[in-house]
1. Filter the range 153-209 for residues that are charged (D, E, K, R) and under 14 Å from the mean Cα position of the chain (by Cα) and give the result.
2. Select, from ARG118, ARG137, the only residue that is in contact with an Asp or Glu (Cβ under 9 Å, 6 or more places away or on another chain), open to solvent by 20 Å² or more (accessible area, probe 1.4 Å), of a type in the set (D, E, K, R) and in a loop (DSSP other than H, G, I, E, B).
3. Assess whether GLU24 counts as being surrounded by 15 or more Cβ atoms within 10 Å (Cβ to Cβ) and either under 19 Å from the mean Cα position of the chain (by Cα) or free of Cβ contacts under 8 Å to residues at least 60 places away in the same chain (or both).
4. For residues that are touching a Leu at 6+ places or on another chain (Cβ under 9 Å) and assigned to a loop (DSSP other than H, G, I, E, B), scanning just the range 81-102, find the one that is surrounded by the fewest Cβ atoms within 10 Å (Cβ to Cβ).
5. Taking the conditions exactly as written (farther than 19 Å from LEU78 by Cα, among the aromatic types (Phe, Trp, Tyr) and in contact (Cβ under 8 Å) with a residue 24 or more places away in the chain), does PHE147 satisfy them or not?
6. Answer yes if at least one residue in the range 18-28 is in a loop (DSSP other than H, G, I, E, B) and at pLDDT 90 or above, and no otherwise.
7. Going by what's in this entry, would PRO112 be described as within 24 Å of LEU22 (Cβ to Cβ) and at pLDDT 95 or above?
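The values are calculated or read from the model by the stated rules, or taken from the named source; none is laboratory data. A quick note: this is a predicted structure, and the numbers were derived from the prediction, not measured. Cβ placement follows ideal geometry from the backbone for every residue including glycine, while neighbour counts extend to all protein chains displayed. Surface areas here come from the heavy atoms of the whole protein model, side chains and all, with no ligands, DNA or RNA. Shrake-Rupley method; radii C 1.70, N 1.55, O 1.52, S 1.80 Å.
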Amino acid sequence: GELRQQEILKLKQFQCFKPWTLREAMAAGHARGSIYSWLWVDTTEKSRLTMQDKKSFGARQDEIAHCPTPSPEANSLLEFPAFVSGNPMIVFDITSAFPHAPEQTEGILMWPPPEWDRREYTEAMVWIMTGNLYGRRTGAANFRDFFEQVVVSTPKAAFVRGVHEPTAYSDREWNTALTHHIDDGRAVGPPVCLNALISHIAEYMPMKVSCYIVSGCGCSHLNRVIVRRPTSWSTCLDTDHAQTPSDIFW
């Protein structure tokens with residue numbers, strides 16, 4: 001349908017794949033391994049093309065990658081300087097995160113979906129992946145590496161990744177800090193510095209950004225609602241995770 005065509009066009013614009021004939025892939029030696037299949041994940045609002053990168057296909061040791069996430073302590077420590085300094089917080093969400101990150105393994109092939117227009121080709125075709133699709137086992141780790149490269153290259157800044165928190169970044173001179181859980185992130189700092197940081201990230205990845213979160217404001221982040229007060233934060237649990245008395249005692 002139209003949503004699937006929009007997804008393929010988006011991936012093409014992101015330069016996430018290059019069409020190759022199967023003959024070219026075999027000549028280059030890339031077709032000796034697995035050629036991954038595709039899977040559409042459809043909702044009423046969008047269609048997402050994913051890669052069926054399953055463990056059952058066999059895992060190469062050099063492709064096993066871990067994607068860290070912020071610890072509860074890191075999330076709490078990000079909230080602390082907000083009410084100490086009085087600086088605002090912003091929440092952001094990267095749109096279509098994985099396809100922005102370059103594929104770091106050479107010769108990853110996938111059969112193109114039938115919705116892809118192949119009328120100009122007369123041979124069997126494959127996609128050689130230059131970006132990551134959701135479903136790719138190393139996709140989250142590749143995105144984290146890409147996200148770090150973008151953050152630390154912020155002009156006139158000197159953001160440093162945390163030693164014990166690989167998804168946390170800070171710049172002491174800017175008095176600005178950031179954490180991210182894959183494509184969901186938060187940042188605290190002076191408005192001018194926040195604007196410069198977010199504007200830089202948005203040059204590489206489209207994103208949705210909240211307004212400034214100051215005292216009396218709240219936001220939703222990682223399935224929880226947090227409300228900022230003058231000297232504290234209040235966290236409202238997700239109702240889906242709330243326990244009933246029977247859950248507690250039985």
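1. ASP183, ASP184, ARG186, LYS208
2. Step by step, each of ARG118, ARG137 is checked, and only ARG137 is in contact with an Asp or Glu (Cβ under 9 Å, 6 or more places away or on another chain), open to solvent by 20 Å² or more (accessible area, probe 1.4 Å), of a type in the set (D, E, K, R) and in a loop (DSSP other than H, G, I, E, B).
3. Numbers: surrounded by 15 or more Cβ atoms within 10 Å (Cβ to Cβ): yes; either under 19 Å from the mean Cα position of the chain (by Cα) or free of Cβ contacts under 8 Å to residues at least 60 places away in the same chain (or both): yes.
Spelling it out, GLU24 is indeed surrounded by 15 or more Cβ atoms within 10 Å (Cβ to Cβ) and either under 19 Å from the mean Cα position of the chain (by Cα) or free of Cβ contacts under 8 Å to residues at least 60 places away in the same chain (or both).
4. SER96
5. Criteria not met by PHE147.
6. First pass over the range 18-28, keeping only residues in a loop (DSSP other than H, G, I, E, B): 28.
Those still in the list that are at pLDDT 90 or above too: none.
No, there is no match, as no residue in the range 18-28 is in a loop (DSSP other than H, G, I, E, B) and at pLDDT 90 or above.
7. On the way: within 24 Å of LEU22 (Cβ to Cβ): yes; at pLDDT 95 or above: yes.
It is true that PRO112 is within 24 Å of LEU22 (Cβ to Cβ) and at pLDDT 95 or above.
Residue by residue, here is whether (1) in contact (Cβ under 8 Å) with a residue 12 or more places away in the chain; (2) closer than 30 Å to GLY29 by Cα; (3) of a type in the set (Val, Ile, Thr) holds:
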position: ALA97; (1), (2), (3): yes, yes, no
position: ALA124; (1), (2), (3): yes, yes, no
position: THR130; (1), (2), (3): yes, yes, yes
position: TYR134; (1), (2), (3): yes, yes, no
position: THR138; (1), (2), (3): yes, yes, yes
position: PRO166; (1), (2), (3): yes, no, no
position: ALA177; (1), (2), (3): yes, no, no
position: VAL188; (1), (2), (3): yes, no, yes
position: SER199; (1), (2), (3): no, no, no
